Structure formats: C-alpha cells, structure tokens
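A.B. asks: Pasting in a structure now, in structure tokens, and then I'll have a few things to ask.
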Amino acid sequence: MTEKKKSKETKSEKIILTTIYQIIETETLSEEKYTDILIILKGALTNTNTNLNLNLVLNIYTLLIKNIPNSQKTNNLLFINFYTLFNYIVEKHKIKNSYIRKYLLIIEYYLMKNIDTILKEQIELILYIIQEFINKKSTPFYFQYGFLYLKLYDFIISKKLIPNFKKELHHTKECILSICPETSQGKELKELILSKTF
C-alpha cells in the first residue's frame, strides 16, 4: 500500500471515528445502534494496515460505556471489543503508557457500572489482560492493576466462584505484588491486597 493511500485511509477513519463520537454524544441511540457501533469499532481495530487515533478510540469507549444500555448482548460485544482493543494496544509497540492507563480505567469503570452482567469468561479475560500487561513491562500502573484485581476478587467472592479462579487469582496477585515499588504507596497497596485477599 502506497503512503498516499495509507494517509487517505487514516484520514477517512478519523472522520468516521469523529462522527461516531459525535453521534454517541448527541443522540439517544437504540441498543441495535450501539451494537452496530461496536461492530464498526471492532472492525477498525482489527485492520492491521491502519494507525488509528487511539486517544479518540478510547474516548469513544469511555462515552459508550456511560450511555450503552446494560444487557447481556451489549456486555458480550463490549468484552469482544475490550479484547480486540487490548490486542491492538499490544501490537502497536510504541503505544504511550497513558493509553494503557486509560484502557484500564475504562474496564474498571465498566465493572463498577455493570458488575451484574459480567460472565466468568470475562473475569478470566480481565485477569489475563492484567498479567499480560505486567509481563510486557507495562508496570507503572500497579495501582490500577491492584484496584482492578480487588474489584474482581470481591465479585468472585460474592458469587462463590473462588474454586474456579483460585489459580488465576493467586498468579495475578503475585504479578501485582512483584511490581509494587518500595515506596510508601507501593507498600500501602501491597498491605491492602494482602489484608483483603487470601
């Protein structure tokens, strides 16, 4: 693909993403319309030839989860998008740390709003994402990992799912504890995790 063609595609994708953002921001949409938007976003993220404006994409997801109706269908499609977005972030080696932080905050916010529709497989996915980011040395976000982990842990306890997640929980906890710095904040998070989990 020529540079000119690539630049033209990137420009049209930016226009499409901006339009999507404006539609979500200004209109009241049906569940079907939200579903269409999630399918378009997933398609854009799986197109390996493009360099999307990731800040705009993350802003769209932030706006989406504030407005999207909470149903099992939209929940499932959102998690497919979360996974696709994770892969996009991981594949683009020069992604800024601020994008990873924003991505983690989006997932955390979604969990706070819609914990009742979360499935076991989706819990596994979030634990996997935390582990993978830590393995890839994206470690400045130990606080985000820690709080996300504690939210998942509380959910697992409340649903009596500990036997299903014992191994993953232990491994994720060890990963997070291993990156907590020897600062007062790092020690505080370690103590919090150790006191609230077993």
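The values are calculated or read from the model by the stated rules, or taken from the named source; none is laboratory data. From a predicted model like this one, the values you see are computed outputs, not experimental measurements. Virtual Cβ from ideal backbone geometry, glycine too; neighbours counted across all protein chains shown. Protein only, heavy atoms only, side chains kept; ligands, DNA and RNA dropped before computing areas. Shrake-Rupley method; radii C 1.70, N 1.55, O 1.52, S 1.80 Å.
A.B. asks: From LEU111, LEU63, which residue is open to solvent by less than 40 Å² (accessible area, probe 1.4 Å), in a helix (DSSP H, G or I) and within 22 Å of SER138 (Cβ to Cβ)?
C.D. replies: Unique residue meeting the criteria: LEU111.
A.B. asks: Tell me which residues, restricted to the stretch 66-90, are surrounded by fewer than 19 Cβ atoms within 10 Å (Cβ to Cβ) and more than 15 Å from the chain's Cα centre (by Cα).
C.D. replies: Selection gives ASN67, PRO69, ASN70, SER71, GLN72, LYS73.
A.B. asks: Where residues in the stretch 139-150 are in contact (Cβ under 8 Å) with a residue 40 or more places away in the chain and within 14 Å of the chain's Cα centre (by Cα), which of them is nearest to LYS196 (Cα to Cα)?
C.D. replies: Only one residue fits best here, namely TYR149.
A.B. asks: Residue pairs, Cβ under 9 Å, 6 or more apart or interchain, first in the stretch 68-79 and on the phi < 0 side of the Ramachandran plot, second basic (Lys, Arg) and loosely packed, with under 14 Cβ neighbours inside 10 Å. List them.
C.D. replies: ASN70/LYS113
A.B. asks: For the stretch 155-177, name all the residues that are touching a residue at least 40 places away in the same chain (Cβ under 8 Å) and either closer than 23 Å to LYS102 by Cβ or of a type outside the set (Phe, Trp, Tyr) (or both).
C.D. replies: Passing the criteria: PHE155, LEU161, ASN164, GLU168, LEU169, HIS171, THR172, CYS175, ILE176.
A.B. asks: Being modelled with pLDDT under 90 and either surrounded by 15 or more Cβ atoms within 10 Å (Cβ to Cβ) or not in a helix (DSSP H, G or I) (or both) is the filter here, so list the residues in the stretch 161-180 that pass it.
C.D. replies: Within the stretch 161-180, just LEU161 meets the criteria.
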